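*Asks:* Below you will find the structure I want to go over with you.
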Amino acid sequence: MTAGIDLGQPQVQAIRSDEDVVRVRQLVRTAAVAAKLSLVDQTKVVTAASELARNTLVYGGGGSVEVATVDNGLRRGVRIVFADSGPGIADLELAFTDGYTTGSGLGLGLSGARRLVDEFAIDTGADRGTRVTVVKWAR
Amino acid sequence: MERVPILKIGDILLVSIQVDMSDQTALQLQEDLAERIVATGSHGVIIDITALDIVDSFVGRMLSTIASISKVLDAETVVVGMRPAVAITLVELGLSLNGIRTALNVERGMELIAAARADDLGHSDGVDDAGDTDVETTASP
Amino acid sequence: MALNAEESGRFAAVLTDGAEKVTQRWTEAVAGSLRGRLSQAELRRQIEELHRALLTVGEQGPLDLDAEHAAELRAVLGELSRDRARQGFSATETAISVFALKDVLLEVLEARGGEGTLRDYVAFSGLIDQMGLFTFESYVRTRESLIADQAEQLLELSTPVVKLWEGVVAVPLVGTLDSARAQVVMERLLQTLVDTSSPYAIIDITGVPAVDTQVAQHILKTVVAARLMGADCIISGIRPQIAQTIVALGIEFGDIATKASLADALRHVLRLTGVETARRPRRES
């Protein structure tokens, strides 16, 4: 996935606290505006980033995010990569079920975030943590 | 940490969220509001989210919890001013905000609370509530 | 494909020697293919501009379309392709403006004779091919943006949201609802609710030829989103066969109010808001 070239240097942000989740939202918003996403698409990708950043913090024990504006020749978009070195996700299928949660949330984080973006890839394992890559393209 | 101010207007508490809240700020607001409802004996809470450019599942849950808590404390909660882009995103996210009353703006939110109070007090058969009672929405899919 | 310094020098020399003749021949070669749809003077101006841009690159360094100092040449080529695309020329007619230079070069090189003519010609051709491809890509991009613009204009045209009454807006849907259009309708309707502070919206689907699961989903999502904002939607204009489809597909409209016609929907809303309508005597307690 994620064919296309990066426009400019990706922005990196550590996710260690609550305030960092807010910073991730602002970072993604700026990138979404730069990629000329519509207002609704901006809102969707920022919301998805907020959910995933919280997952990284709560379940992954913190990590980092990389936000980039990308271009696949036809359209511009925003690519966000969340990475943590936490315990990984044991049962992916279960984790994507609406309403399923191991924490205290609503269990909409992963499944909801996937519905809000155009491309979604996840790589997880007990030995390597979790890495979620999402892309939202401008229409 | 920032704190969201709570204003008292008549017997209604008005919360206008103007900042991009961290999760801690949201939880703090939840606590503060419960205390203020009891302290002021208010029967209505209006949460104005006009300025919020996103509502994620955490904030959504906070809104639901506030509504439930205030219900227990005999106060009606109305969430007002949700932006179209936010509403569309919430639908896609799968968040239905069950049990939360919503209105387009603060003014209509106040009408809704007044109508709900009138219902509670058994004055719902009055002539003046036409156009008010039906404005309410339960915001469930 | 970039030319090395020597080749660039020889290329520049070919273009400069008898520059007048080169542009003249180039213009003629292009004019033939455009069949007089572009004035000779205009074409001449474009060719001269291209010629000048090529020479400028040659003066500043090796002839390479990707090089930094070739920005102006790329700009001129882009401009040319955009003009052609907007004026309705085909992709071939656009690319030929660049490829015609090959014929001219061949003539000039042949006349000069000497060693290495063939090698030079092949090298020059490589550069010209690259320029041609660049032109082609710019052309396609322009056409795509033209099509996108038109599609957007069409969307604007086909989705009016009208205010029916104080606090009541309606969107009469006409034609097939695809995903993109449904999204525009949804956003437009919800924004109008905010702008006009209207707690009621009527979605009239009289003009929608067919309702499939996807269309129904879009309508349902709009209704739920409106509720989240504090407004109610009523769906009107459901024709008998559409009602049958909805039931056959097992689509649940749940507690969403549906009315047969726009008039019924409006009457329903007015009754809810307490406005009395003359045709129907008051029957509520």
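*Asks:* Just need a number here: residues in the stretch A:20-38 that are β-branched (V, I, T), buried (at least 21 other Cβ atoms within 10 Å of the Cβ) and more than 8 Å from every other protein chain (Cβ to nearest Cβ).
*Replies:* 2
*Asks:* Can you tell me which residue in the stretch C:235-266 is nearest to C:S198 (Cα to Cα), limited to those that are within 34 Å of the chain's Cα centre (by Cα) and among the aliphatic types (A, V, I, L, M)?
*Replies:* Among those residues, the one meeting the criterion is C:I235.
*Asks:* Mind checking whether some residue in the stretch C:139-149 is under 30 Å from the mean Cα position of the chain (by Cα) and crowded, with 21+ Cβ neighbours inside 10 Å?
*Replies:* Scanning the stretch C:139-149, I find at least one residue that is under 30 Å from the mean Cα position of the chain (by Cα) and crowded, with 21+ Cβ neighbours inside 10 Å, so the answer is yes.
*Asks:* Being more than 30 Å from B:L63 (Cα to Cα), without any contact (Cβ under 8 Å) to a residue 60 or more places away in the chain and either of a type outside the set (S, T, N, Q) or outside the structural domain of C:L105 (by TED's automatic domain parsing) (or both): is that true of C:I219 here?
*Replies:* It is false that C:I219 is more than 30 Å from B:L63 (Cα to Cα), without any contact (Cβ under 8 Å) to a residue 60 or more places away in the chain and either of a type outside the set (S, T, N, Q) or outside the structural domain of C:L105 (by TED's automatic domain parsing) (or both).
*Asks:* Applying the selection to the stretch C:62-78, what residues are of a type outside the set (A, V, I, L, M, F, W, C) and surrounded by 14 or more Cβ atoms within 10 Å (Cβ to Cβ)?
*Replies:* Selection gives C:P62, C:D64, C:H69, C:E72, C:R74, C:G78.
*Asks:* Sticking with this structure for a sec: Within the stretch A:39-49, identify whether any single residue is among the hydroxyl-bearing types (S, T, Y), under 22 Å from B:T89 (Cβ atoms), surrounded by fewer than 16 Cβ atoms within 10 Å (Cβ to Cβ) and within 14 Å of chain B (Cβ to nearest Cβ), and answer yes or no.
*Replies:* No, the stretch A:39-49 has no match at all.
*Asks:* Another question about this same structure. Look at C:L77 and say whether it is more than 21 Å from the chain's Cα centre (by Cα) and not charged (D, E, K, R).
*Replies:* no
*Asks:* Could you please let me know if C:F136 is hydrophobic (A, V, I, L, M, F, W, C), more than 16 Å from C:L15 (Cα to Cα) and not in a helix (DSSP H, G or I)?
*Replies:* Against the criterion (hydrophobic (A, V, I, L, M, F, W, C), more than 16 Å from C:L15 (Cα to Cα) and not in a helix (DSSP H, G or I)), C:F136 does not qualify.
*Asks:* While we're on this one: Only residues that are free of Cβ contacts under 8 Å to residues at least 24 places away in the same chain and under 15 Å from the mean Cα position of the chain (by Cα): list them for the stretch A:1-29, please.
*Replies:* A:V22, A:R23, A:Q26, A:R29
*Asks:* Sort through C:E152, C:E187, C:E144 and tell me the only one that's more than 30 Å from C:G78 (Cβ to Cβ) and without any contact (Cβ under 8 Å) to a residue 24 or more places away in the chain.
*Replies:* Just one listed residue meets the conditions, C:E187.
*Asks:* Report whether or not A:G62 is more than 11 Å from every other protein chain (Cβ to nearest Cβ), at pLDDT below 95, under 20 Å from B:A26 (Cβ atoms) and more than 12 Å from the chain's Cα centre (by Cα).
*Replies:* So A:G62 passes the test.
*Asks:* Can you tell me which residue within the stretch C:113-132, out of those that are of a type outside the set (S, T, Y) and without any contact (Cβ under 8 Å) to a residue 24 or more places away in the chain, is surrounded by the most Cβ atoms within 10 Å (Cβ to Cβ)?
*Replies:* C:G116
*Asks:* Identify the single condition in (1) farther than 19 Å from C:I256 by Cβ; (2) touching a residue at least 60 places away in the same chain (Cβ under 8 Å); (3) away from chain B (no Cβ under 14 Å) that C:W165 does not satisfy, given that it satisfies every other one.
*Replies:* With respect to (1) farther than 19 Å from C:I256 by Cβ; (2) touching a residue at least 60 places away in the same chain (Cβ under 8 Å); (3) away from chain B (no Cβ under 14 Å), C:W165 is out only on (3).
*Asks:* Just one of the numbered conditions (1) farther than 27 Å from B:T65 by Cβ; (2) modelled with pLDDT under 90 is not true of A:S111; which one?
*Replies:* Every condition holds for A:S111 apart from (1).
*Asks:* Could you grab me the full set of residues in the stretch C:165-181 that are at pLDDT 85 or above and in contact with a helix residue (DSSP H, G or I) (Cβ under 6 Å, 6 or more places away or on another chain)?
*Replies:* Correct list: C:V168, C:V169, C:V171.
*Asks:* Just for helices (runs of 4 or more DSSP H) wholly inside the stretch B:21-113: which have at least 3 residues that are within 14 Å of chain C (Cβ to nearest Cβ)?
*Replies:* Ranges flagged: B:57-72, B:84-93.
*Asks:* Can we say A:L94 is assigned to a helix (DSSP H, G or I), modelled with pLDDT under 90 and under 10 Å from the mean Cα position of the chain (by Cα)?
*Replies:* No; evaluated as a whole, the condition is false for this residue.
*Asks:* Another question, if that's okay. Looking at C:A180, C:A170, can you tell me which residue is touching a residue at least 24 places away in the same chain (Cβ under 8 Å), crowded, with 16+ Cβ neighbours inside 10 Å and away from chain B (no Cβ under 11 Å)?
*Replies:* One residue alone meets the criteria, C:A170.
*Asks:* Inside the stretch C:229-256, can you point out the residues that are in contact with a strand residue (DSSP E or B) (Cβ under 9 Å, 6 or more places away or on another chain) and surrounded by fewer than 17 Cβ atoms within 10 Å (Cβ to Cβ)?
*Replies:* Selection gives C:R239, C:A243, C:F253.
*Asks:* So A:S104 fits all but one of (1) out of contact with any strand residue (DSSP E or B) (no Cβ under 8 Å at 6 or more places or on another chain); (2) at pLDDT 90 or above; what number is the exception?
*Replies:* Result: A:S104 passes all but (2).
Each row is one residue, and each column tells you yes or no for (1) more than 23 Å from C:L3 (Cβ to Cβ); (2) in the same structural domain as C:Q130 (by TED's automatic domain parsing); (3) surrounded by 14 or more Cβ atoms within 10 Å (Cβ to Cβ).
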site	(1), (2), (3)
C:G18	no, yes, no
C:G36	yes, yes, no
C:A41	yes, yes, no
C:I47	no, yes, yes
C:R52	no, yes, yes
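*Asks:* Out of (1) more than 14 Å from chain A (Cβ to nearest Cβ); (2) touching a Gly at 6+ places or on another chain (Cβ under 7 Å); (3) within 30 Å of A:R76 (Cα to Cα), the odd one out for C:S138 is which?
*Replies:* Only one criterion is unmet by C:S138, namely (1).
*Asks:* Okay, moving on. Let me confirm something: among C:V215, C:V184, which residue is touching a Ser or Thr at 6+ places or on another chain (Cβ under 7 Å), modelled with pLDDT under 85 and more than 20 Å from B:L104 (Cβ to Cβ)?
*Replies:* Exactly one residue qualifies, and that residue is C:V184.
The values are calculated or read from the model by the stated rules, or taken from the named source; none is laboratory data. Predicted model only: the values in this text are computed from it and were never measured. No Cβ is skipped: glycine too gets one built from the backbone with ideal geometry, and neighbour counts run over all protein chains shown.
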